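The values are calculated or read from the model by the stated rules, or taken from the named source; none is laboratory data. Just so you know, these numbers come straight off a predicted model, no measurement behind them. FYI the Cβ positions are ideal-geometry reconstructions off the backbone, even for glycines, and counts take in every protein chain you see. Please note that ligands, DNA and RNA were not included when accessible areas were found on the heavy atoms of the full protein model with its side chains. Shrake-Rupley method; radii C 1.70, N 1.55, O 1.52, S 1.80 Å.
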Amino acid sequence: MIDAQGSTTDRRPTANLDALDTDAQLALTGERTVPGIPAENYWFRRHEIAYRFIAESCRGKQVLEAGSGEGYGGAMLAAAGATVTCVDYDASAVEHTRRRYPELTMIAGNLVDLPLPDESVDVVVNFQVIEHLWDQAAFIAECRRVLRPGGRLLVSTPNRITFSPGRDTPLNPFHTRELDAAELTDLLTDGGLESVVMHGVYHGAGLAELDAKWGGSLIDAQIERALAGEDWPADLVADVAAISADDFVILETSPDSATADKATTDKATADIDASLDLFAIAVRP
């Protein structure tokens, strides 16, 4: 399926994200997700769906991944035909990406001072990163600077309403400021971008069944055991390890459509405040 912004959910080949040998893995610190760890698989697949959604629309484009982490996302986009430059501040992530994904151009740098010329890229990808930044407005200004006119900024981030419900301070200690859809839209438009289209990431039918199996929330089942320092039961390990990106759906959203069937349709608009992650597309005029 291709949406109005040229994104796609076709199941096209991407990078090989099979389990890595231990010596090839980037350490799991809680700040970022990495492939190849069964207990981390839910979060990894929830990140992976966003890259799959945009991969075909990035074919032939000059793409900057701002905050590339382990590097798997940039590798997926490169495998789909993009020319990808990655920027990350973390030295271990930079070194790992250069070693693991030589097809990427990897640059160590600060996201509020991007080491790229003005108007040098067609697409900036920033997935599950903006919530970690202290100066989000400065980052958006940098994205506008490096984008060519008509270029797109693609941002995904946890939806504050569902990720840290009822809290002003994020639950995740690595997050500085989480956003809801209105706040993310304002951040993008105040930064000089336009044509903001908001999507949401939701559980598909299979994950909805797992939510029911695990007392209403598969996420809570994982987090509660982790916080308690408990071993996972074998069936929870198996359920989490079996999740794929296909178990998530990305839908264009509207605040007035709370009754949309988010688990079974690709065409209905859905309630943005019920989304797990926000996925915004904005254009540099």
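A few comments on the model shown:
- Qualifying residue in segment 118-139 (condition: in a loop (DSSP other than H, G, I, E, B), touching a residue at least 40 places away in the same chain (Cβ under 8 Å), buried (at least 22 other Cβ atoms within 10 Å of the Cβ) and on the phi > 0 side of the Ramachandran plot): no
- Residue-level analysis places VAL240 outside the set of residues that are of a type outside the set (Phe, Trp, Tyr), modelled with pLDDT of 95 or more and part of a strand (DSSP E or B).
- Residue, most open to solvent (accessible area, probe 1.4 Å), within segment 243-257, restricted to residues that are modelled with pLDDT of 95 or more and assigned to a loop (DSSP other than H, G, I, E, B): SER244
- Meets criteria (more than 23 Å from ALA245 (Cα to Cα) and small (Gly, Ala, Ser)) for ALA226: no
- In segment 46-78, the residues that are aromatic (Phe, Trp, Tyr) and open to solvent by 20 Å² or more (accessible area, probe 1.4 Å): none
- Taken as a whole, the structure leaves GLY216 outside the set of residues that are surrounded by fewer than 21 Cβ atoms within 10 Å (Cβ to Cβ), closer than 21 Å to ALA280 by Cα and more than 17 Å from the chain's Cα centre (by Cα).
- Test: GLY81 is open to solvent by 10 Å² or more (accessible area, probe 1.4 Å), closer than 30 Å to GLY206 by Cα and more than 13 Å from the chain's Cα centre (by Cα): no
- Residue in segment 166-174 that is part of a strand (DSSP E or B), acidic (Asp, Glu) and surrounded by fewer than 17 Cβ atoms within 10 Å (Cβ to Cβ) present: no
- Filter pass, ASP239 being surrounded by 13 or more Cβ atoms within 10 Å (Cβ to Cβ) and in contact with a His (Cβ under 8 Å, 6 or more places away or on another chain): no
- Residue in segment 259-280 that is surrounded by 13 or more Cβ atoms within 10 Å (Cβ to Cβ), hydroxyl-bearing (Ser, Thr, Tyr), modelled with pLDDT of 95 or more and over 30 Å from ALA141 (Cβ atoms) present: no
- Among the residues of segment 141-164, just one is under 18 Å from SER57 (Cβ atoms) and hydroxyl-bearing (Ser, Thr, Tyr), namely SER156.
- When segment 187-213 is limited to residues that are more than 30 Å from VAL237 (Cβ to Cβ) and assigned to a helix (DSSP H, G or I), the one that is most open to solvent (accessible area, probe 1.4 Å) turns out to be ASP190.
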